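Participant: If you scroll down you'll find the structure; I have some questions about it.
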Amino acid sequence: MVLMEFSMTPLGEGVSVSAYVARCVEIVERSGLDYRLHAMGTVAEGELDALLALLQQCFTELAADCERITCSAKFDYRRGPAGRLDAKVQSVEEKLGRKLKC
């Protein structure tokens, strides 16, 4: 199973890019992949092919009307079952003995 953290931002489209982020989040939701949106990007969990396809779809969506796009993506592969989006945070919470803000 793979975790992919990514951030895709159009350049030259103004100070706020939340409308573009919302367009990508719609694509992420339609994908059916488990994901978490945070202040600086999105983390999705799935098989590598599905995650790469998701990245491509988001890029294609923004490229339709954006002259320039930056994208950063980070992948974390680990054999085993899904559920690492929550399990990784829970592991840290157990070691701290308390819940974290997420």
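Participant: Residue-wise, which Karplus ³J(HN,Hα) couplings in Hz belong to segment 86-95, taking 6.51 cos²θ - 1.76 cosθ + 1.60, θ = phi - 60°, and x for glycine or proline?
Facilitator: With coefficients 6.51, -1.76 and 1.60, one gets 8, 4, 5, 5, 4, 4, 5, 4, 5, 5 Hz.
Participant: Give a residue-ordered list of calculated ³J(HN,Hα) values for segment 72-78 (Karplus: 6.51 cos²θ - 1.76 cosθ + 1.60, θ = phi - 60°; whole Hz; x for Gly, Pro).
Facilitator: 10, 9, 10, 10, 10, 9, 8
Participant: How many nm is it between the label spots at D76 and M40, if each spot is 7 Å from the Cα in line with the beta carbon?
Facilitator: In this crude label model, D76 to M40 measures out at 1.4 nm.
Participant: Tell me, rounded to the nearest percent, the portion of alpha carbon pairs in segment 2-96 spaced more than 16 Å apart.
Facilitator: Working: 2488 of 4465 pairs.
Within segment 2-96, distances greater than 16 Å cover 56 percent of Cα pairs.
Participant: Relative to the present Cα-Cα distance, how much length would full extension add between K88 and E26 at 0.36 nm per residue of separation? Could you put the intermediate results ahead of the total?
Facilitator: Working: separation 62, 0.36 × 62 = 22.32 nm, distance 2.50 nm.
Net length gain for the segment: 19.8 nm.
Read the figures in this text as sums done on the coordinates, not as results from a lab. Not measured: the values here are computed from a predicted model. When we count neighbours, we look across all protein chains shown, and the Cβ atoms used for this are built from the backbone with ideal geometry, even at glycine.
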